[in-house]
Amino acid sequence: PYQVDTVPFTVGDRLLLYTDGVSESRDLTGTFYPLSQRIRRWSLATPRQLLTHLHHDLRAYVSGALDDDLTALVTHRVAPGD
């Protein structure tokens, strides 16, 4: 069984979708990437900028050695006609 949750997605909201290659990235000590803490830094960034910051930060966090596939996608709700 599963549960469906519905959350309003209003104008100005953004949704970040990512694979486990992002959330399971580790630094040299084996510590997982703290996505929820890091992503707050870029709350005012455009979707493209957010993804660029995330990519650069991940590479720095793991010392450049991304050994898993990763995908991230940001969707941003805009007003009709924008």
Do the conditions hold for residue 3, that is, is it modelled with pLDDT of 95 or more, open to solvent by 50 Å² or more (accessible area, probe 1.4 Å) and assigned to a loop (DSSP other than H, G, I, E, B)? yes
Can you pull out every residue in the stretch 6-42 that is touching a helix residue (DSSP H, G or I) at 6+ places or on another chain (Cβ under 8 Å), open to solvent by less than 50 Å² (accessible area, probe 1.4 Å), outside any helix (DSSP H, G or I) and not small (Gly, Ala, Ser)? 16, 27, 33
Residue that is most open to solvent (accessible area, probe 1.4 Å) [pool: residues in the stretch 43-66 that are outside any helix (DSSP H, G or I) and among the hydrophobic types (A, V, I, L, M, F, W, C)]: 44
Unmet requirement for residue 76, which otherwise passes all of (1) under 20 Å from residue 10 (Cβ atoms); (2) at pLDDT 95 or above: (2)
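The values are calculated or read from the model by the stated rules, or taken from the named source; none is laboratory data. As the structure is a computational prediction, the values presented were derived from the model and not from experiment. Positions of Cβ are generated from backbone atoms using ideal geometry, with glycine treated the same way; all protein chains shown enter the neighbour counts. Heavy atoms of the whole protein, side chains included, go into the accessibility calculation; ligands, DNA and RNA do not. Shrake-Rupley method; radii C 1.70, N 1.55, O 1.52, S 1.80 Å.
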